Structures are given as C-alpha cells and as structure tokens.
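All remarks here apply to the structure that follows.
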Amino acid sequence: MPHGRVPPPARNLIGGEWLPATSGAVMPMISPIDGQPFAMIAESGPEDVDAAVRAARTALEGDWGRLTAAERGRLMLRLALRIEDEAEALAQLETRDNGKPVAQSRADMTAVARYFEYYGGAADKLHGEVIPFLNGYDAMSMREPHGVTAHIIPWNYPVQIFGRSVGAALAMGNATVTKPAEDACLTILRIGELAAESGFPPGAINIVTGRGMVAGQALSEHPGVDFISFTGSPEVGQAIHIAAARNHIPCTLELGGKSPQIVFDDADLVAAAPVIVNAIVQNGGQTCSAGSRVLIQRGIWERLTTMLAERFATVEASPAEGALLGPLISARQKARVERYIDEADAPLIARGRIAQDAPAAGFYVAPALFGPVDPTSPIAQEEIFGPVLAAIPFDSEAEAIAIANGTEYGLVAGIWTKDGDRQARMARAMRCGQVFINSYGAGGGIELPFGGVRKSGHGREKGFAALYEFSRLKTVVHRFT
Ligand code: TAP
C-alpha cells in the first residue's frame with residue numbers, strides 16, 4: 001500500500017526542521033485495518049513542545065510575521081493545490097493510518113484542500129472599521145492575530161480538523177503548533193511537508209507528535225501559547241479549558257455530541273432513511289456531529305424503523321475501498337463501542353455484519369440499531385462514537401423538542417418535515433449549533449460555522465466565523481488637530 005513520503009520513523013516539524021524527540025523516544029502506529037504496527041512516530045516531551053512554541057514565536061517576529069495578508073493567502077492557495085496534486089497518496093496513507101475506507105479518505109483530502117483554499121482566499125478579506133466618534137478623532141478597530149495558536153487534534157478526521165483550525169489561524173497571521181492524535185497523525189505530518197514545499201516560512205506550521213497526557217498537556221499549559229483550539233472528548237476539553245484559564249487565554253472547544261434527527265409523520269421517508277443511516281455509519285460513527293439518535297413520530301414508527309432496519313442489515317464493516325463502514329480507530333474504541341452494544345437496555349432492531357475478508361485482528365464492529373430506546377438510557381444520552389443508532393418514539397412536537405434537547409450535548413440537529421411553520425419553530429427550539437432541515441450534514445460544510453453549546457463545547461470553527469475566533473480586535477483612537 002502506498003505510504004506517502006513520511007520517512008520512518010516520522011519526526012516532528014519544528015522551525016522548518018524534521019527533528020526526532022529530544023529523548024529519542026518513538027512509538028508505534030497501529031493500523032486499524034489489521035491491528036498491526038506499520039510506522040513509528042516521535043514520542044515527544046515538554047522540551048519538544050517548548051521548542052515548537054519558541055519556533056512559532058520566532059516565525060511571528062520574523063519572515064512569517066512580515067508577510068502581508070495577501071502573501072499569506074497565496075501560500076495557502078499553493079498548499080491547497082499541492083494537497084490536490086497529492087490527494088491519492090495522502091488518501092492511501094490516511095486509510096492505513098486511520099482505517100477509514102479509501103473513498104472517505106479521498107473526501108477528507110478534498111475537504112482539507114478546500115479549507116486551505118477557502119481560508120487562503122479569505123486571508124485579506126477580513127478587516128477593521130472606522131467608528132464614528134468625537135469631532136477631532138479618528139477611531140478604528142483592527143484585527144490582529146492572537147500570536148502562537150495551539151491545535152490539539154483528534155483521530156477521527158485528522159486532516160479535516162487540521163485544515164479547518166490551522167487554516168483559519170494561518171489566514172489571520174498566527175503561527176501554529178499542532179499536536180495530532182497519537183492514533184492518526186501521519187497525514188498531518190505529510191501535509192506539513194507539503195506546506196514547507198509550498199514556501200511557508202519555517203515556524204509558521206509546527207507539528208509535534210506524542211501522547212496527549214504528555215505532549216498535549218505540555219502544549220495546552222505552555223505560557224507561550226496565546227490561543228488553544230481543541231477538538232476531542234469533553235473530559236480532556238475541560239482540562240484544556242482550565243489550562244487556558246490559568247494562562248488567561250481564549251480557547252475554542254469542540255467536544256462532540258448526541259445529535260438527534262427528528263422525523264415527523266409528514267416527512268419524505270424515502271429521502272430521510274438513507275441519510276439517517278449514513279449519518280451514523282460513515283466514519284464508523286466516529287464523527288462529532290454523527291446523528292446518533294433518531295426521534296420518530298409514533299405514526300410512522302413501524303414504517304421508518306423497518307426502512308432503517310433493512311439498510312442497517314446490509315451494512316458490512318469492511319476494509320474495501322468503497323465501503324460505507326471501515327474499522328474503528330483502535331482496540332480501545334472497539335471495546336468501548338462493543339460494551340455499549342452488549343449493555344444496551346433496549347431491543348435490538350437490526351445489526352449489520354463484519355465482512356468475511358476483514359482481518360480478524362482489525363478493529364471492526366457491526367453496526368447496531370436499537371429501539372424503542374428510553375431517552376434517559378445510556379445509549380440515548382452518552383456519546384458512543386461508534387455505529388450505534390438509538391431510535392426513540394415521540395407523539396407531539398413539544399415532546400420531540402424535550403427529548404432532542406434532553407442531553408448534556410448540543411451540536412447538530414436534523415429536522416424532517418414538510419410543514420414550513422414547523423420547520424421554523426423547530427429550528428429555533430433546538431439547543432445546538434447547527435440545524436439541518438430535510439437534510440443532514442454530518443462532517444460537511446466548510447463554509448458553515450460549526451460548534452456547540454454546553455458539553456459540546458463553545459466557539460465556532462469553519463466558515464468565516466472561525467476568522468473572528470482566530471483573531472482579536474484592537475481599537476485605536478487618534479486625536480488630530
Ligand atoms: P481525547 O483524549 O479527548 O483526544 C483528543 C486529543 O487530545 C488528542 O490529540 C489527544 O492526544 C489529546 N489529549 C489527550 N489527553 C490530553 C491532555 N490531558 N491534554 C492535552 N491534550 C490531550 O479523545 P480520545 O481519547 O481520542 O477519544 C475518547 C472519546 O472522546 C471518544 O470515544 C469520543 O467519544 C470522544 N471524541 C470526540 C471527538 C470529537 S470530534 N468531538 C474526537 C475524538 C474523540 P492522544 O490521542 O495522543 O491521546
């Protein structure tokens with residue numbers, strides 16, 4: 001299988017150089033496809049993180065900081081084209097590293113190129129304002145970068161999350177330090193190589209691999225960091241929030257969800273059923289915005305659950321290129337998902353299969369549809385991060401709203417109804433960051449501001465909104481005579 005050109009063992013990208021961990025420590029990468037080690041990465045410590053933060057600061061004070069917004073944008077557009085040129089090799093590497101089917105890895109490469117294109121094009125479009133003030137004064141606001149931004153990235157969509165977060169930060173002139181997840185980081189390292197080839201000055205993009213508890217924690221606590229972007233679990237998100245508070249710096253937290261798809265009895269079920277299944281099965285359900293609950297109005301319960309069951313039963317967890325469902329990321333994640341399935345306190349409506357040619361040591365889990373599920377039960381409340389869908393019946397609109405908003409999370413909601421008034425009411429009633437009507441955009445939408453409320457986190461990434469997050473406003477008042 002092609003591996004891209006990451007040299008084994010992969011090294012950290014610090015100040016434009018590829019460096020091993022100062023301690024010399026390395027750690028193995030396990031492929032989810034067959035459970036076998038296939039590469040080594042640097043197991044970095046606080047001293048490596050410190051070197052990366054210093055390199056970012058040096059870049060801000062040097063060549064990177066001196067670039068105009070248009071020049072930054074041009075570099076980003078060049079990187080987008082390099083990613084497109086290398087998309088197939090990157091996708092193959094991502095699949096080996098992360099396990100997702102190649103077709104889904106290809107979509108991720110299209111998305112990361114698009115993030116650099118989108119934010120590269122936006123780099124010189126966000127500017128300050130002149131504010132009407134007193135006679136004899138000019139008052140204006142200007143946008144500035146925070147400085148050194150830290151990006152702590154999970155394993156589920158490594159390059160997409162790298163693109164959306166590092167792309168927006170670079171566009172606004174920040175210098176970045178990324179700590180990818182230890183379970184999937186090789187493709188981010190390869191994009192680091194492409195960035196260097198595209199002409200990014202040393203230190204604008206730094207990448208340090210290693211363990212979250214060591215390298216991730218050192219980065220989040222580093223006093224030289226001015227802003228943290230974190231995507232991952234609520235537990236670690238809370239630790240990041242505390243670390244940011246200790247250093248008095250802002251952060252964005254994107255912490256997952258328990259997103260509902262709400263299907264009313266007038267909905268187009270033929271359109272809804274495949275979208276509902278895809279939204280929980282694609283990427284193995286390891287998507288923060290996965291539609292992991294389906295709320296079904298009682299009059300269509302039988303019809304829709306039958307349609308969903310038919311689709312679920314045909315889904316195979318498989319290493320095939322075009323599979324809808326590949327292996328999960330790790331043995332730990334597989335065990336976690338299987339535990340939820342084994343302990344589910346609801347009837348099993350349908351179960352998919354594991355393909356016969358799936359390697360026995362790979363991390364495959366057959367998808368499961370449960371229902372009717374009590375809205376208070378663990379599989380209706382907790383983020384499983386696997387291909388497990390909880391079907392919950394409801395009678396009235398008010399009940400649907402109460403169930404939909406009745407978890408600690410609030411990231412995305414899908415509303416399926418032809419009634420325009422109900423669409424408008426429901427969109428307003430959802431306590432979350434994104435609402436899709438008669439569609440569902442799990443994972444998509446580069447242009448669409450994205451983020452949550454409560455346990456799903458706060459701050460917005462994607463779209464133009466991210467540029468506001470990754471910059472700060474300065475007011476300048478100029479008295480003249
Ligand atoms: P996390 O532990 O939250 O990992 C996310 C990122 O944070 C990784 O880069 C991780 O590095 C790093 N990290 C871990 N501990 C850290 C610390 N103390 N300080 C700073 N950074 C730290 O997620 P996970 O263990 O991979 O997955 C656990 C559960 O979290 C999943 O089952 C799922 O429910 C949820 N999750 C949600 C999302 C999204 S998109 N919302 C993504 C992933 C997981 P290492 O990987 O090297 O430890």
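The values are calculated or read from the model by the stated rules, or taken from the named source; none is laboratory data. Owing to the predicted nature of the structure, the values given are computational and were not obtained by experimental measurement. In this analysis, Cβ positions are derived from the backbone assuming ideal geometry, glycine residues included, and neighbour counts consider all displayed protein chains.
State which residue is nearest to the ligand (Cβ to nearest atom) when the search covers only the stretch 208-232 and only residues that are touching a Cys at 6+ places or on another chain (Cβ under 8 Å) and among the hydrophobic types (A, V, I, L, M, F, W, C).
F230
Would you check if C251 is touching a His at 6+ places or on another chain (Cβ under 8 Å), buried (at least 24 other Cβ atoms within 10 Å of the Cβ) and under 29 Å from I161 (Cβ atoms)?
Considered against the rule, which asks whether it is touching a His at 6+ places or on another chain (Cβ under 8 Å), buried (at least 24 other Cβ atoms within 10 Å of the Cβ) and under 29 Å from I161 (Cβ atoms), C251 comes out as yes.
Being in contact (Cβ under 8 Å) with a residue 60 or more places away in the chain, crowded, with 18+ Cβ neighbours inside 10 Å and touching a Lys or Arg at 6+ places or on another chain (Cβ under 8 Å): is that true of G386 here?
yes
Residues being among the small types (G, A, S) and either buried (at least 24 other Cβ atoms within 10 Å of the Cβ) or in a loop (DSSP other than H, G, I, E, B) (or both): count how many of those fall in the stretch 114-125.
Going through the stretch 114-125 one residue at a time, the tally reaches 1.
Only one of T475, T481 is more than 20 Å from the chain's Cα centre (by Cα) and either buried (at least 21 other Cβ atoms within 10 Å of the Cβ) or modelled with pLDDT under 95 (or both); which?
The match here is T481.
Can you give me the number of residues within the stretch 195-207 that are within 21 Å of the chain's Cα centre (by Cα) and either away from the ligand (no atom under 16 Å from the Cβ) or farther than 16 Å from S44 by Cβ (or both)?
Result for the stretch 195-207: 2.
Which pairs have Cβ atoms under 6 Å, sit 6 or more apart or on different chains, and link a residue in the stretch 446-467 that is under 16 Å from N174 (Cβ atoms) to one that is β-branched (V, I, T)?
Once the first residue is under 16 Å from N174 (Cβ atoms) and sits in the stretch 446-467, its partners that are β-branched (V, I, T) give G459/T252.
Determine, yes or no, whether R431 is more than 18 Å from A267 (Cβ to Cβ) and surrounded by 15 or more Cβ atoms within 10 Å (Cβ to Cβ).
Answer is yes for this residue.
Looking at the stretch 304-337 only, could you name the residues that are in a helix (DSSP H, G or I) and in contact with a helix residue (DSSP H, G or I) (Cβ under 8 Å, 6 or more places away or on another chain)?
Passing the criteria: L304, M307, L308, R311, F312, V337.
Since A59 meets every condition but one in (1) over 24 Å from the mean Cα position of the chain (by Cα); (2) of a type in the set (A, V, I, L, M); (3) at pLDDT below 95, which condition does it not meet?
Exception for A59: condition (3).
Looking at the structure I just gave you, is Y119 more than 15 Å from the chain's Cα centre (by Cα) and of a type outside the set (K, R)?
Yes.
Go over the candidates A368, A400, A350, A309 one by one and state the one that is in contact (Cβ under 8 Å) with a residue 60 or more places away in the chain and within 21 Å of P274 (Cβ to Cβ).
The unique qualifying residue is A309.
Does the stretch 151-169 contain at least one residue that is over 24 Å from V102 (Cα atoms) and within 11 Å of the ligand (Cβ to nearest atom)?
Taking every residue of the stretch 151-169 in turn, at least one turns out to be over 24 Å from V102 (Cα atoms) and within 11 Å of the ligand (Cβ to nearest atom).
Could you go through the stretch 135-154 and let me know if any residue there is without any contact (Cβ under 8 Å) to a residue 12 or more places away in the chain and part of a loop (DSSP other than H, G, I, E, B).
yes
Which condition from (1) within 16 Å of the ligand (Cβ to nearest atom); (2) of a type in the set (D, E, K, R); (3) in a strand (DSSP E or B) is the one that D97 breaks?
(3) is the only condition that D97 fails.
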